[in-house]
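Inspection log for the structure reproduced underneath, given as structure tokens.
Every number here is computed from the coordinates shown, using simple stated rules; none is lab data. Computed from a prediction, not measured in an experiment: that's the story for all the values here. All Cβ positions, even for glycine, are placed from backbone atoms using ideal geometry, and neighbour counts span all protein chains on display.
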Amino acid sequence: MRLQEQDPDIYRIFAAERRRQREGVELIPSENYVSEAVLEAMGTIFTNKYSEGYPGRRYYGGNENVDEVERLAQERARRLFGVPHANVQPYSGSPANLAVYLATCQPGDPIMGQNLPDGGHLTHGWKVSVTGTYYRSIPYHVKADGYIDIDEVRSLAREHRPKLLWCGATAYVREFPFEQLAAIADETGAFFATDIAHIAGLVIAGAHKSPVPFAHIVTTTTHKTLRGPRGAMILVTEKGLAKDSELAERVDRAVFPGLQGGPHDHTTAAIAVALGEALQPSFVAYGRQVVANAKALAQGLLRYGLRLVTGGTDNHMILLDLTPGGPGRGVFLQEALDRVGITVNKNTIPGEPSSAFYPSGIRLGTPAATTRGMREPEMSKIAEWIAAVGEAIEEFRLPEGREERATALRAFRRSIEENRALEALRGDVREFCLKFPVPGT
């Protein structure tokens with residue numbers, strides 16, 4: 001009530017977002033709902049503290065309680081993933097990945113990661129990222145079937161001898177080939193880093209193989225399938241320390257003072273809470289249900305004749321290929337689904353025929369819906385709705401010219417606002433969602 005009285009404008013926006021989350025289906029695979037305990041930790045008086053440095057080695061006084069929280073988060077991360085070292089201070093996934101470069105590479109060194117339009121991540125060497133301009137990036141790709149092209153990775157690594165080889169993605173729906181990529185890194189002398197931001201919770205649950213036996217460094221965000229606050233961690237493995245006995249110290253120095261000042265202590269506390277939740281047996285059941293739901297949603301979409309990249313999924317994510325209706329249709333389906341309360345994100349597909357701004361795919365994920373208690377029957381219903389919305393906008397196409405495109409999009413947006421069938425479907429989605437509470441709302 002204090003916020004409502006002091007700043008009613010912000011309170012009104014919070015209330016609108018609370019209503020949006022409760023009355024809609026969240027299918028963006030990088031989003032999830034934290035528990036009430038995590039929310040509480042994020043809003044504590046640790047927000048007031050400043051703590052440059054690491055536990056026992058701070059540059060400010062009064063950090064005895066911060067030290068205890070950070071040590072607890074580190075210990076829980078080490079236990080969950082089976083690693084000897086964990087840094088829990090990175091502000092988010094991108095700074096965590098940049099710290100890996102700083103710890104292992106010099107500017108201009110060759111590095112390799114999965115090509116962004118093929119499902120890779122911006123920070124794995126894409127050309128508009130600092131990682132693609134400060135380092136010599138040699139991207140690898142997926143094959144026509146959507147799986148990572150291991151033969152190409154091996155050939156490129158032998159030719160360019162990368163200092164750092166990444167495995168990880170933002171839109172890859174199959175299990176990562178950690179062993180094969182690790183063998184290539186070992187053969188060519190590269191540091192092998194795995195970015196498991198999307199699948200960390202699945203790894204903990206045993207629903208995806210762990211990269212820890214194969215990688216030197218593991219990075220992850222702490223939200224997505226891990227169901228914590230928006231932060232990140234860097235883990236150094238036994239294999240990493242065997243390759244470089246100072247690797248943990250290099251990573252820590254890269255985070256602070258290399259890239260960051262004081263950590264966000266309230267976030268560290270919330271990470272510790274989320275990691276504590278992940279240590280419970282119920283989290284294993286949750287992670288396995290996330291994958292079961294993704295497979296059920298994929299099968300439902302296939303039943304309605306929709307095309308999926310690789311024809312299915314091994315994890316929490318599905319990539320819908322809309323090219324049968326023409327290139328660039330991702331923006332149309334994203335906005336039409338938004339109209340009925342189903343939140344997704346437009347996304348490029350392998351061999352993208354359009355552009356990243358007007359891509360030809362939709363990325364779907366099940367972590368948030370699973371957190372709310374939805375199961376396979378609900379996934380079948382959601383697939384039915386997605387197919388119905390796709391059919392309702394089937395006539396719309398993306399013109400090639402910029403002016404024609406703007407005109408077509410304006411007409412499309414008017415159409416979906418006035419479409420009575422979509423309005424009725426919005427009511428069905430709202431009624432459905434209110435049966436599944438959102439934690440903390």
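A few remarks follow.
- Exposure proxy shown here: for 251, 291, the number of other Cβ atoms within 10 Å sets the order, fewest to most, as 291, 251.
- Dimensionless Rg over Rh [the chain; C-alpha; Kirkwood]: 0.98
- Normalised size of segment 205-319, defined as Cα radius of gyration per 2.2 N^0.38 Å with N residues, equals 1.34.
- When the chain is treated as a GNM with alpha-carbon contacts under 10 Å, the residue of 48, 293, 315 showing the greatest mean-square fluctuation is 48.
- Just so you know, the Rg over Rh for segment 363-441 is 1.08, from Cα atoms, with Rh as the Kirkwood radius.
- Choice from 231, 401, 262 with maximal GNM fluctuation in the chain (Cα, 10 Å cutoff): 401
- With at most 11 neighbouring Cβ atoms within 10 Å, loop GluC sites (Glu not before Pro) (DSSP) excluded, longest segment of the chain: 1-245
- Cα pair distances exceeding 16 angstrom across segment 258-331, given as percent: 66 percent
- Rg [Å, one decimal], Dmax [Å, integer] - segment 130-214, C-alpha atoms: 13.0, 37
- Of 301, 44, 204, farthest towards positive along the dipole that unit charges on Lys, Arg, Asp, Glu beta carbons give the chain: 301
- Ratio Rg/Rh [Cα only; Rh per Kirkwood] for segment 185-244: 1.01
- Lysines with Cα under 24 Å of residue 346, excluding same-chain neighbours fewer than 8 positions away: 127, 143, 224, 295, 381
- Debye-formula intensities of segment 40-278, expressed as log10 I(q)/I(0) at q = 0.13 Å⁻¹, are -0.73 (one equal scatterer per alpha-carbon, no solvent).
- Residue-by-residue Karplus 3J(HN,Hα) for segment 196-204, coefficients 6.51, -1.76, 1.60, Hz, glycine and proline x: 10, 3, 7, 10, 4, x, 5, 4, 4
- DSSP bridge analysis restricted to the chain gives an antiparallel fraction near 60%, rounded to the nearest 5.
- Among 60, 33, 135: highest mean-square fluctuation, GNM of the chain, C-alpha pairs under 10 Å: 60
- Distribution of pairwise C-alpha distances over segment 54-98, 5 Å bins, in %: 5, 21, 21, 24, 21, 8, 1
- For segment 289-433, the C-alpha radius of gyration sits at 1.02 times the compact-globule guess of 2.2 N^0.38 Å, with N the residue count.
- Semi-axis lengths, Å, segment 41-182, gyration tensor of Cα atoms, sqrt of 5 times eigenvalues: 35, 17, 14
- Order of 167, 105 under a 10 Å beta carbon neighbour criterion, fewest first: 105, 167
- Mean residue ellipticity (222 nm) of the chain, computed from DSSP H runs ≥ 4 via -39,500 (n - 2.57), nearest 500: -14000 deg cm²/dmol
- Sorting 332, 357, 283 from the fewest to the most surrounding beta carbons within 10 angstrom yields 357, 283, 332.
- Cα convex hull of segment 2-51, projected area averaged across orientations, nm²: 5.3 nm²
- Each Lys and Arg Cβ is given +1 and each Asp and Glu Cβ -1; about its Cα centre, segment 289-433 then shows a dipole of about 200 debye.
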